[in-house]
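Colleague: Below is one structure. I have some questions about it.
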Amino acid sequence: MFGSELPSWRQIFTNKYNKKERGHFCGNSDDLIWTSQTAISVRLIIENYQLVMERDVIRLWLPDFFCAETEQLFKKDKIQIDYYPITEKFEPDWKILKKMAAESVGDIFVFVHYFGVYHDINIAKEFCKRNDMLLIEDCAHVLYNSGKFGVKGDFTVYSPHKILPVCDGGIIRYNEKDERIQKVVDGIKKQLEEEVRAGNCVSWRVKKALQKIIKVRRSTVFKVGPHFSDEKAVTENEVRLGISRWSYNTLSGYSYTEIKKIAFTRKMNLDTMNYIVDWLLPEAEPVMTDDVVCPYAALYSIEKIKDKQGAVKKLERAGLLVTFWPTLPGGIKQMKDKSIAADMSENLLVIPIHQGMTPQYMLNRYLPGIKKEKTKYRFEKLSGSMGEREIWENMKDIVRNNIPQDWVYGVTKSEIEKKDLCRYRIYNFSGDCIGMIQALIEKRHGIKYAVRVNRGPIMIKKYNVAEIIFQVMDQFRKMMRPLPFFYAPNLEFTPYHMHLACSYGWKCWNRFGFPSGTMNLEESEEALRKKLDSKWRNQLTAAEKKKLTVRNDNAGYKEFLKIYRTDQKEKGYVGIPEAILNYLFDLEDSPLESYYVEDEAGKVMAFDIIYCQCKTAHYLVGWNSNEGRKLYLNNLLLFNVVISLKQKGIKQFDLGGIEYIHTEDVARFKDGMRPEKYQLMGEFVR
């Protein structure tokens, strides 16, 4: 596999411009300046700041753990670089920085978010303010502004070409609107306007097309030891200031949703690579933190390994591309204060995890399969009688935590979508019933063409483990042959679970599994309220002061569905099919419960629809009017739902999806309840 993602064939052969999607990388497009790369971005800022401040020499404070190739592109005679040390946690060593500030004056301070991980820039902001220094926030390893990035720096520099498949591309974003910053911005824009923008990166695109056809893999020779630059100078004709037309149009074509999918994939790949490296070389220690949104690469420390070259060879023999970053500037050898950059360079391994990879590809390529167990299970088909329904719904110790395996929901899907429904009890070799499974058989023109199991089987607690579930599903699939089999496990995504799926021959066709969160309703009302995010709780309190009544009945469900249908059309989302909701509401023992608020005229202002299943409840549908949003009725309704369900004996409440890729605002709202989050492992086929 390549060290970086390759462009798609469509990207290679087209050059489309999508103006609507501009600015999604790092904020408002009005505050963005496009350049060829991060080094050029920094260079333009320095040169124009020097002109504005009328300085003969600019003193640039740069972290010692920095890429020498980048430095060479902005290093000039009238720029004096002072290196400051960073700690093992990739934070500036503030003790030494205070000492440096007392001895000399700096003009520009560069703060780096290494490998896409957020580092606290607030101290740097105060430091620069106190010492009258310009703050450049280096987000070269950051794909997009996911919240905290690019907020504090006077200037922020991004480098999308390092993560996305384009030949070049850098971004300057500016925050402060004071006169000094504005003059620098005006100078940069003028320089870029005077340069003739390069064309369509034809040679680069041809090269990438050949790589896609021939499947050429980059080879590296990893040398253990500090990686220092040979200080080769960059000539002026090698440097282009502006981004190429093709890269600009390609980058502009990425939607915000696509960017978040890329971030999600790289995060999954990081988790998977950590699992692979731990399997192959358990002595290597992962360095990346769990809270990274979009990791730049997988990073490992081999500091405690004596035979470092042997460790690297072991990973390379398994097929992994092992490399390093950065090539250090030679100037750090002359630092007065102690630098650990050389030691870090020697002891850190970098492995690509770009979005062109998938967890399944990585596990199949780099690891052997997990040995299959040969335990036999027996399946007994159920007829669907009322007596069997009672057994299904009342079997003790069964883990019921999803709607698709509920008896009533299975009947509903079968009736509305005209699919065959089949259910089975599962027995172990001792003859004990250990679980049950509900499957739907897809039909077209009366002909069966596929079997689908969604979030099954449901198992007795002690048998509800991944190894047994995959054994059961392997045998159930064989029993249903020759029909193709589609399966969405009721298992959280972990690299181990994915490894098991691969070992049993399942092919993952959709890795974006269902994400949600649950609340434990066995906690006290006081504890549940205390757990809420402070802002969320304040909004709830404000809504409660309005003395509005939350009603709990299904009398007006037809009006709810009419509102829901209109909302779907206006906002363009799919949601739960109205026919299914209608069918469930019309049942004599409907599993649905409605909670709503009306105004004085009896008009619905907001509602929530909940699916109740034994001791578990699931948020299914919600809607809020414009007035309701101003009154925080979402908060009022949802917390009342929680308390009402608790009083009715429900033990667990699933918030019904906390999905940041397509419904970021809704996900952020639900996260305010501080649930226990989970992410299922996606959908598979055999």
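Colleague: Would you list, by chain and number, the aspartates and glutamates whose Cα falls below 15 Å from the Cα of residue 670, excluding same-chain residues fewer than 8 positions away?
Modeller: 533, 608, 654, 659
Colleague: Now for a separate question. Rounded if a/c is under 1.5, else prolate if a/b is larger than b/c, else oblate: which is the range 525-662, with a ≥ b ≥ c the root eigenvalues of its Cα gyration tensor?
Modeller: Rounded is the answer for the range 525-662, as its axis ratio a/c remains below 1.5.
Colleague: Over the range 109-167, consider all pairs of different Cα atoms and compute the Kirkwood hydrodynamic radius from their mean reciprocal separation; express it in Å, one decimal.
Modeller: Mean inverse Cα-Cα distance, inverted, gives 11.8 Å.
Colleague: Starting from the eigenvalues of the Cα gyration tensor, five times each then square-rooted, give me the equivalent ellipsoid semi-axes of the range 42-99, largest first, whole Å.
Modeller: For the range 42-99, the semi-axes come out at 23, 14, 9 Å.
Colleague: Go through the range 71-88 residue by residue and turn each phi into a ³J(HN,Hα) via Karplus (6.51, -1.76, 1.60, θ = phi - 60°); whole Hz please, and just put x for glycine and proline.
Modeller: Result, ordered by residue: 4, 4, 7, 10, 7, 9, 4, 8, 10, 9, 9, 10, 8, 10, x, 10, 8, 5 Hz.
Colleague: Shifting gears a bit: Which one, [x] 1.18; [y] 1.01; [z] 0.98, gives Rg/Rh (Cα atoms, Kirkwood Rh) as derived from the coordinates shown?
Modeller: Matching entry in [x] 1.18; [y] 1.01; [z] 0.98: [y].
Colleague: Over all Cα pairs of the range 315-384, how is the pair count split among 5 Å bins, expressed in % and running from 0 up to the last occupied bin?
Modeller: Here the calculated profile for the range 315-384 is 3, 10, 14, 12, 9, 9, 9, 8, 7, 4, 4, 3, 2, 2, 2, 1, 0.
Colleague: Measuring from label point to label point, each 7 Å out along Cα→Cβ, what is the residue 589 to residue 415 span in nm?
Modeller: Calculated label separation equals 1.4 nm.
Colleague: So how far apart, in nm, are the two label points at residue 370 and residue 206 if each is 7 Å from Cα heading toward Cβ?
Modeller: 4.9
Colleague: Here's something else I'd like to know. Compute the distribution of all C-alpha to C-alpha distances in the range 333-424, in bins of 5 Å from 0, and list the percent of pairs in each, rounded to whole numbers.
Modeller: Reading the bins upward from 0: 2, 8, 10, 11, 8, 8, 10, 10, 8, 5, 4, 4, 5, 3, 3, 1, 0.
Colleague: Return the ratio Rg/(2.2 N^0.38 Å) for the range 382-466, where Rg is computed over Cα atoms only.
Modeller: 1.12
Colleague: Amide H to amide H, which residues 5 or more places from residue 460 or on other chains are under 5 Å from it, using H placed in the peptide plane?
Modeller: For residue 460, the qualifying residues are 399, 435.
Colleague: Can you give me the long-range amide H partners of residue 370? Hydrogens built in the peptide plane at 1.01 Å from N, cutoff under 5 Å, separation of 5 or more residues or another chain.
Modeller: Residues meeting the amide H criterion: 503.
Colleague: Okay, next question. Under the classification rounded if a/c is under 1.5, otherwise prolate if a/b is larger than b/c and oblate if not, where does the range 377-529 fall, given a ≥ b ≥ c as square roots of the Cα gyration tensor eigenvalues?
Modeller: Rounded shape, in that the Cα axes give a/c under 1.5.
Colleague: For the chain, what is the calculated [θ] at 222 nm in deg cm²/dmol (nearest 500), taking -39500 (n - 2.57) for each run of four or more DSSP H residues and dividing by its residue count?
Modeller: -11000 deg cm²/dmol
Colleague: In the range 362-468, which chymotrypsin sites (Phe, Trp or Tyr not before Pro) are in a loop and have at most 11 other Cβ atoms within 10 Å, using DSSP for the loop call?
Modeller: Sparse-neighbourhood loop chymotrypsin sites (Phe, Trp or Tyr not before Pro): 429.
Colleague: Can you tell me the FRET efficiency between residue 94 and residue 55 if r is taken as the Cβ-Cβ distance and R0 is 25 Å, rounded to the nearest 0.05?
Modeller: Plugging the Cβ-Cβ distance into 1/(1 + (r/R0)^6) gives 0.50.
Colleague: Using the beta-carbon distance between residue 662 and residue 389 and R0 = 41 Å, what value does 1/(1 + (r/R0)^6) give for FRET efficiency, to the nearest 0.05?
Modeller: Plugging the Cβ-Cβ distance into 1/(1 + (r/R0)^6) gives 0.70.
Colleague: Let me ask another. Using a simple spin-label model with points 7 Å from Cα along the Cα→Cβ vector, what separation in nm is obtained for residue 598 and residue 361?
Modeller: Each label point is offset 7 Å from its Cα along the Cβ direction, giving 5.7 nm.
Colleague: Follow-up question, since we're still on this one. Express in nm, to one decimal, how much length is gained between residue 450 and residue 533 on full extension, taking 0.36 nm for each residue of separation and deducting their alpha carbon distance.
Modeller: Roughly 25.4 nm would be gained on extension.
Colleague: Follow-up. Please give the net charge around residue 101, taking every other residue with its beta carbon less than 13 angstrom from that of residue 101, where Lys and Arg add +1 and Asp and Glu add -1.
Modeller: Result for the neighbourhood of residue 101: -1.
Colleague: Please go through the residue pairs 313/507; 95/223; 152/530; 99/338; 418/448 and name each one whose alpha carbons sit more than 22 Å apart in this structure.
Modeller: Result: 313/507; 95/223; 152/530 exceed 22 Å.
Colleague: For the range 60-122, which whole-number percentage of the solvent-accessible area (1.4 Å probe, protein heavy atoms only) is attributable to carbon and sulfur atoms?
Modeller: The value for the range 60-122 is 50 percent carbon and sulfur by accessible area.
Colleague: For Cα pairs less than 8 Å apart in space and 6+ apart in sequence, what is the mean separation divided by the residue count of the chain, i.e. the relative contact order in percent?
Modeller: Once divided by the residue count of the chain, the mean separation gives 12 percent.
Colleague: Out of the total accessible area of the range 385-467 (probe 1.4 Å, heavy atoms of protein only), what percent is carbon and sulfur?
Modeller: Result for the range 385-467: 49 percent of the exposed heavy-atom area is carbon or sulfur.
Colleague: Over 21 Å between Cα atoms, which of 571/677; 546/603; 261/419; 374/462 qualify?
Modeller: 571/677; 261/419
Colleague: Taking θ as phi - 60°, what are the ³J(HN,Hα) couplings along the range 588-601 by the Karplus curve (6.51, -1.76, 1.60), each to the nearest whole Hz, with x for Gly and Pro?
Modeller: 4, 10, 4, x, 8, 10, 10, 10, 8, 10, 10, 7, 4, 8
Colleague: Structure shown: which of 413/615; 78/207; 535/646; 207/308; 148/212 lie over 29 Å apart, alpha-carbon to alpha-carbon?
Modeller: Pairs exceeding 29 Å: 78/207; 207/308; 148/212.
Colleague: Let me ask another. Round to a whole number: what % of the accessible area of the range 471-517 belongs to carbon and sulfur, probe 1.4 Å?
Modeller: 58
Colleague: Can you classify the range 128-207 as rounded, prolate or oblate using the Cα gyration tensor, where a ≥ b ≥ c are the square roots of its eigenvalues, rounded means a/c under 1.5, and otherwise it's prolate if a/b beats b/c and oblate if not?
Modeller: Here the range 128-207 falls in the oblate category.
Colleague: What does the range 608-677 give for Rg and for Dmax, in Å, if only its C-alpha atoms count?
Modeller: That works out to 12.2, 35 Å for Rg and Dmax.
Colleague: On to the next question. Please identify every one of the trypsin sites (Lys or Arg not before Pro) in the range 230-330 that sits in a loop by DSSP and has no more than 10 other beta carbons within 10 Å of its own beta carbon.
Modeller: Answer in residue order: 232, 304, 306.
Colleague: Could you please report the charge total around residue 561, scoring K, R as +1 and D, E as -1 over all other residues with beta-carbon less than 14 angstrom from its beta-carbon?
Modeller: Net of charged neighbours comes to -1.
Colleague: A further question follows. Quick one: 3J(HN,Hα) in Hz for the range 62-68, Karplus 6.51/-1.76/1.60 with θ = phi - 60°, rounded, Gly and Pro as x.
Modeller: 10, x, 5, 8, 8, 6, 5
Colleague: Please give the direction-averaged projected area of the C-alpha convex hull for the range 284-355, in square nanometres with one decimal.
Modeller: Spelled out: convex hull of the Cα atoms, projected over all directions, averaged, 6.3 nm².
Colleague: For the range 221-327, what does the relative contact order come out to in percent, with C-alpha contacts under 8 Å and a separation of six or more?
Modeller: 31
Colleague: Among DSSP bridges having both ends in the chain, what percentage is antiparallel? Round to the nearest 5.
Modeller: 75
Colleague: Be a star and scan the range 82-118 for residues whose amide nitrogen sits under 20 Å from the point 7 Å along the Cα-to-Cβ vector of residue 183.
Modeller: Under cut-off, by backbone N: 106-109.
Colleague: With a 1.4 Å probe and all protein chains left in place, how much accessible area per residue does the chain have, in Å²?
Modeller: 47
Colleague: Counting other Cβ atoms within 10 Å, keep those with at most 16, restrict to DSSP loop, and tell me which trypsin sites (Lys or Arg not before Pro) in the range 415-506 are left.
Modeller: In loop regions of the range 415-506 (DSSP not H, G, I, E or B), the sparsely surrounded trypsin sites (Lys or Arg not before Pro) are 418.
The values are calculated or read from the model by the stated rules, or taken from the named source; none is laboratory data. Predicted model, so just to flag it, every value in this text is computed and none were measured. For neighbour counting, all protein chains shown are included, and Cβ atoms are generated from backbone atoms with ideal geometry for every residue, glycine included. In case anyone asks, the SASA skips ligands and DNA or RNA and just uses the protein heavy atoms, side chains included. Shrake-Rupley method; radii C 1.70, N 1.55, O 1.52, S 1.80 Å.
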